[in-house]
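Asks: Before we start, here is the structure in question, set down as structure tokens.
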Amino acid sequence: MKGRILKALRECSDCISGETLSEQLGISRVSIWKHIRGLKEDGYVIEASPRGYRLVFSPDSLPPYEFPDLEGRIHYFRQIGSTMDAARELAKKGAPEGTIVIAEAQTRGRGRLSRQWLSPEGGIYFTLVLRPKISPAYAPRINLMASVAVAASIRKLFGLKAELKWPNDVLIEGKKVCGILAEMDAEMDVINFVNVGIGVNANTSVAQFQKTATSLKDILGKEISRKEFLRALLTEIERRETLLMESALLDEWKKLSATLHKNVRIVSLGEEVIGQAVDIDATGALIVKGTDGSLRTVLVGDCIHSKRV
Ligand code: BTN
């Protein structure tokens with residue numbers, strides 16, 4: 001109902017009376033008043049005058065009612081340990097495909113390879129529960145799909161040249177703006193669920209000494225609408241979910257890739273692979289050509305770019 005009230009407030013040119021709202025939405029004026037009070041508690045500024053209610057300010061928060069089409073699928077937290085943990089619990093209990101856990105801030109946000117993911121307010125942190133009907137061997141394609149969707153959203157909304165670093169970082173001007181962490185629950189031949197956690201440095205400021213990271217705010221010199229960005233990103237992901245096993249997905253990743261054709265050093269399972277990144281295979285693994293011309297298929301690892309060759 002809060003979402004419907006916001007929509008009515010946003011659509012009216014000036015004020016809308018409690019009576020009109022109550023008629024339009026089919027609830028009592030007292031209920032309207034209670035929901036308006038709830039919205040005010042959530043940070044919306046709504047003026048009440050004898051002529052009615054007027055929306056003066058919307059905070060840039062991400063409550064479920066700001067995503068009316070997805071509202072029933074969203075679990076929202078102002079602060080949480082990690083959206084990955086909440087999503088895992090939900091998925092284990094049978095939460096359907098498309099369940100989304102969103103947090104305004106995380107106290108134990110985590111990244112790949114057991115790293116910490118700093119998650120102060122202003123960033124975008126969410127985990128999406130997916131139940132793809134593909135072989136577990138192809139699960140890394142989900143990372144590719146998510147990173148392509150993030151880069152596409154950044155390019156569309158802000159016109160910035162977002163690029164991808166294998167396996168699933170999104171870079172702008174060579175600095176990381178978004179990280180993706182996927183956790184899978186599977187048997188040998190069937191995936192129960194894959195939870196895709198996405199962290200975007202949106203309206204956070206990255207410390208000067210952090211040479212390898214950036215934020216959308218730092219690059220654009222102003223804050224973005226996180227709501228608008230998240231809406232766009234979820235649409236981009238949804239569009240690609242059906243393309244998971246299509247070659248078009250790999251083509252899109254290759255076009256956006258900052259890794260291909262670069263000299264790379266990859267620390268993979270305690271071993272170092274050095275060479276030129278020449279391709280990715282159908283499972284999303286990186287093909288690296290060593291100095292002796294031999295080809296190595298790298299499934300996991302931390303990739304460091306050196307100069308283009
Ligand atoms: C990485 O680059 O190492 C991956 C970072 C993934 C961070 C996101 S934020 C939402 C979700 N919750 C977490 O604790 N981690 C992921």
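The values are calculated or read from the model by the stated rules, or taken from the named source; none is laboratory data. As the structure is a prediction and not an experimental result, all values here were calculated from the model. No Cβ is skipped: glycine too gets one built from the backbone with ideal geometry, and neighbour counts run over all protein chains shown. Note: areas computed on protein heavy atoms with side chains; ligands, DNA, RNA excluded. Shrake-Rupley method; radii C 1.70, N 1.55, O 1.52, S 1.80 Å.
Asks: Say whether the condition of being farther than 30 Å from Ile237 by Cα and assigned to a strand (DSSP E or B) is met by at least one residue in region 10-21. Before you say what the answer is, go through the steps one by one.
Replies: Kept after step one, since they are farther than 30 Å from Ile237 by Cα, are these residues of region 10-21: 12-21.
With assigned to a strand (DSSP E or B) added as a condition, the list becomes 16.
Yes: one or more hits.
Asks: Follow-up. Just one of (1) open to solvent by less than 20 Å² (accessible area, probe 1.4 Å); (2) in contact with a Gly (Cβ under 8 Å, 6 or more places away or on another chain); (3) more than 28 Å from Ala207 (Cβ to Cβ); (4) in the same structural domain as Val206 (by TED's automatic domain parsing) trips up Ala91, so point out which.
Replies: Of the numbered conditions (1) open to solvent by less than 20 Å² (accessible area, probe 1.4 Å); (2) in contact with a Gly (Cβ under 8 Å, 6 or more places away or on another chain); (3) more than 28 Å from Ala207 (Cβ to Cβ); (4) in the same structural domain as Val206 (by TED's automatic domain parsing), the odd one out for Ala91 is (2).
Asks: Among the residues of region 279-295, is there at least one that is under 23 Å from Leu157 (Cβ atoms) and touching a residue at least 60 places away in the same chain (Cβ under 8 Å)?
Replies: Within region 279-295, not a single residue is under 23 Å from Leu157 (Cβ atoms) and touching a residue at least 60 places away in the same chain (Cβ under 8 Å).
Asks: I've got another one for you. Could you grab me the full set of residues in region 12-36 that are open to solvent by 50 Å² or more (accessible area, probe 1.4 Å), modelled with pLDDT of 85 or more and out of contact with any strand residue (DSSP E or B) (no Cβ under 9 Å at 6 or more places or on another chain)?
Replies: Glu23, Gly26, Val30, Lys34, His35
Asks: Which members of region 38-86 meet the condition of being closer than 11 Å to Ile5 by Cβ and not hydroxyl-bearing (Ser, Thr, Tyr)?
Replies: So in region 38-86, the residues closer than 11 Å to Ile5 by Cβ come out as 38-39, 44, 46, 53, 55, 65.
Gly38, Leu39, Ile46, Leu55 - these are the residues of region 38-86 that are closer than 11 Å to Ile5 by Cβ and not hydroxyl-bearing (Ser, Thr, Tyr).
Asks: Which of (1) more than 16 Å from the ligand (Cβ to nearest atom); (2) in the same structural domain as Ile180 (by TED's automatic domain parsing); (3) over 19 Å from Val150 (Cα atoms); (4) not in a helix (DSSP H, G or I) is the odd one out, the single condition Gly72 does not satisfy?
Replies: (4)
Asks: Here is a follow-up. Quick check on Arg78: is it away from the ligand (no atom under 12 Å from the Cβ) and either among the β-branched types (Val, Ile, Thr) or exposed (fewer than 15 other Cβ atoms within 10 Å of the Cβ) (or both)? Step through it out loud before you land on a result.
Replies: Working: away from the ligand (no atom under 12 Å from the Cβ): yes; either among the β-branched types (Val, Ile, Thr) or exposed (fewer than 15 other Cβ atoms within 10 Å of the Cβ) (or both): yes.
Judged against the criteria, Arg78 is a match.
Asks: Another question, if that's okay. Can you tell me how many residues within region 115-150 are under 26 Å from Gln79 (Cα atoms) and part of a helix (DSSP H, G or I)?
Replies: Number of matching residues: 5.
Asks: Mind telling me which of the residues Thr212, Thr204 ends up being without any contact (Cβ under 8 Å) to a residue 40 or more places away in the chain and not charged (D, E, K, R)?
Replies: Working: Thr204 fails: without any contact (Cβ under 8 Å) to a residue 40 or more places away in the chain.
Going through Thr212, Thr204 in turn, just one is without any contact (Cβ under 8 Å) to a residue 40 or more places away in the chain and not charged (D, E, K, R): Thr212.
Asks: Would you kindly identify the strands (runs of 3 or more DSSP E) lying entirely within region 190-282 that contain at least 2 residues that are under 23 Å from the mean Cα position of the chain (by Cα) and within 25 Å of His305 (Cα to Cα)?
Replies: Values: elements: 191-200, 262-268, 271-280.
In region 190-282, 191-200 are the strands (runs of 3 or more DSSP E) which contain 2 or more residues that are under 23 Å from the mean Cα position of the chain (by Cα) and within 25 Å of His305 (Cα to Cα).
Asks: Ok, one more. Does at least one position in region 100-113 carry a residue that is assigned by TED's automatic domain parsing to the domain that holds Leu243, assigned to a loop (DSSP other than H, G, I, E, B), open to solvent by 70 Å² or more (accessible area, probe 1.4 Å) and not aromatic (Phe, Trp, Tyr)? Walk me through how you get there before you give the answer.
Replies: So in region 100-113, the residues assigned by TED's automatic domain parsing to the domain that holds Leu243 come out as 100-113.
Now drop any that are not assigned to a loop (DSSP other than H, G, I, E, B), which leaves 107-109, 111.
Still in the running and open to solvent by 70 Å² or more (accessible area, probe 1.4 Å): 107-108.
Of the ones still in play, those that are also not aromatic (Phe, Trp, Tyr) are 107-108.
Taking every residue of region 100-113 in turn, at least one turns out to be assigned by TED's automatic domain parsing to the domain that holds Leu243, assigned to a loop (DSSP other than H, G, I, E, B), open to solvent by 70 Å² or more (accessible area, probe 1.4 Å) and not aromatic (Phe, Trp, Tyr).
Asks: Of the residues in region 88-117, how many are more than 8 Å from the ligand (Cβ to nearest atom), over 14 Å from the mean Cα position of the chain (by Cα) and touching a residue at least 12 places away in the same chain (Cβ under 8 Å)?
Replies: Number of matching residues: 8.
Asks: When you scan region 130-139, how many residues do you find that are surrounded by fewer than 22 Cβ atoms within 10 Å (Cβ to Cβ) and within 23 Å of Leu90 (Cβ to Cβ)? Before you say what the answer is, go through the steps one by one.
Replies: Pass one, region 130-139, residues surrounded by fewer than 22 Cβ atoms within 10 Å (Cβ to Cβ): 131-139.
Filter again for within 23 Å of Leu90 (Cβ to Cβ), leaving 131-134, 136, 139.
Residues in region 130-139 being surrounded by fewer than 22 Cβ atoms within 10 Å (Cβ to Cβ) and within 23 Å of Leu90 (Cβ to Cβ): 6 in total.
Asks: Which ones in region 1-24 are β-branched (Val, Ile, Thr) and closer than 16 Å to Gly38 by Cα?
Replies: If we filter region 1-24 for residues that are β-branched (Val, Ile, Thr), which is where we start, we get 5, 16, 20.
Result: Ile5, single match.
Asks: Regarding Gly197, is this residue in the same structural domain as Arg240 (by TED's automatic domain parsing), within 20 Å of Glu228 (Cα to Cα) and either within 16 Å of the ligand (Cβ to nearest atom) or in contact (Cβ under 8 Å) with a residue 40 or more places away in the chain (or both)?
Replies: Working: in the same structural domain as Arg240 (by TED's automatic domain parsing): yes; within 20 Å of Glu228 (Cα to Cα): yes; either within 16 Å of the ligand (Cβ to nearest atom) or in contact (Cβ under 8 Å) with a residue 40 or more places away in the chain (or both): yes.
Answer is yes for this residue.
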